[in-house]
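*Asks:* Got a structure here, written out as structure tokens. Questions coming.
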Amino acid sequence: MTAIIVSGHGQLSTGLLDAFEMIFGHDDKIIAVPFLKGEGIPQLQDKYQTVMDQFPGEPILFLVDVFGGTPYNSAVQLVFNNPRADVVTGVNLPMLLEIAAIKEFSDLDALKQQLKLINQEGFKIFSEVISAAKTTDPIDDEEDDLL
């Protein structure tokens with residue numbers, strides 16, 4: 001089963017994990033690693049490595065906040081030549097909930113593809129949803145899912 005390392009600037013990762021646990025409960029394979037003020041790549045990589053060492057031989061997926069930021073740069077240096085690890089940017093609560101639900105039954109590649117889909121489906125603009133609802137056939141059963 002894939003271990004998940006969630007990271008981002010400041011306390012983003014710990015806040016996301018806290019929200020995740022309110023909904024899903026605790027998961028020993030999802031670990032928050034915050035990137036704090038005053039830290040640099042070496043300090044963050046040390047924290048990442050400590051977590052990675054808890055899951056020897058298991059696939060690791062980093063979920064980080066932004067492409068090109070320190071949490072991302074620190075992670076990619078650790079996974080660069082590791083086919084059992086990867087980094088995904090744009091971490092958010094729907095991603096964490098989805099990955100927790102499917103990680104036991106999916107390999108690393110399937111997880112990444114599902115996260116890509118979840119991010120696309122999870123982005124909604126209220127006015128567009130309402131506009132689509134107004135033009136949808138009122139008998140359509142899917143209308144209830146729009147709001």
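*Asks:* Any idea how many Lys pairs in segment 3-135 come in under 29 angstrom at the alpha carbon, given 8 or more places apart or on separate chains?
*Replies:* Summing the qualifying lysine pairs gives 16.
*Asks:* Keeping every protein chain present and rolling a 1.4 Å probe, give me the accessible area per residue for the chain in Å².
*Replies:* Here the per-residue accessible area is 58 Å².
*Asks:* Right, next: Using only Cα atoms, find the angle between the long axis of helix 70-79 and the longest principal axis of the chain, and express it within 0 to 90 degrees, rounded to the nearest 10.
*Replies:* Computed tilt is about 70 degrees.
*Asks:* Mind listing the phi-derived Karplus ³J(HN,Hα) values for segment 13-22, rounded to whole Hz, using 6.51, -1.76 and 1.60 with θ = phi - 60°, and x for any glycine or proline?
*Replies:* Whole-Hz 3J(HN,Hα) from phi for segment 13-22: 5, 5, x, 5, 5, 4, 5, 4, 5, 5.
*Asks:* Same structure, new question: Placing +1 on the Cβ of each Lys and Arg and -1 on the Cβ of each Asp and Glu in the chain, which of 93, 115, 56 has its Cα farthest towards the positive end of the resulting dipole?
*Replies:* 56
*Asks:* Can I ask one more? Calculate what fraction, in whole %, of the accessible area of segment 3-135 sits on carbon and sulfur atoms when a 1.4 Å probe is rolled over the protein chains.
*Replies:* Roughly 57 percent, rounded to a whole number.
*Asks:* Could you work out the relative contact order of segment 64-111, using alpha carbon pairs under 8 angstrom and six or more residues apart, expressed as a whole percent?
*Replies:* 35
*Asks:* If you take the charge dipole of the chain about its Cα centre, with +1 on Lys and Arg Cβ and -1 on Asp and Glu Cβ, which of 131, 75, 25 is farthest toward its positive end?
*Replies:* So the residue we want is 75.
*Asks:* For a quick check of understanding: with a 1.4 angstrom probe and all protein chains in place, what accessible area in square angstrom does residue 50 have, to the nearest ten?
*Replies:* The value for residue 50 is about 90 Å².
*Asks:* Next question. DSSP loop (so not H, G, I, E, B), at most 13 other Cβ within 10 Å: list which GluC sites (Glu not before Pro) in segment 73-134 pass both filters.
*Replies:* Qualifying residues, ordered by number: 104.
*Asks:* Related question: Across 10 Å bins from 0, what is the distribution of all Cα-Cα pair distances for the chain, in whole percents?
*Replies:* 11, 38, 30, 13, 7, 1
*Asks:* Using DSSP, restrict attention to beta bridges with both residues in the chain and report what percent are antiparallel, rounded to the nearest 5.
*Replies:* Bridges in the chain that DSSP calls antiparallel: roughly 5 percent.
*Asks:* Let me ask you something else. What dipole magnitude, in Debye to the nearest 20, does segment 3-135 give about its Cα centre under +1 on Lys/Arg Cβ and -1 on Asp/Glu Cβ?
*Replies:* 360
The values are calculated or read from the model by the stated rules, or taken from the named source; none is laboratory data. In this text the structure is predicted, and so the values were computed from the model without any measurement. A quick note on method: Cβ atoms are made from the backbone with ideal geometry, for glycine too, and the neighbour counts reach across all protein chains shown. Keep in mind that these areas ignore ligands, DNA and RNA; they rest on the heavy atoms of the full protein, side chains included. Shrake-Rupley method; radii C 1.70, N 1.55, O 1.52, S 1.80 Å.
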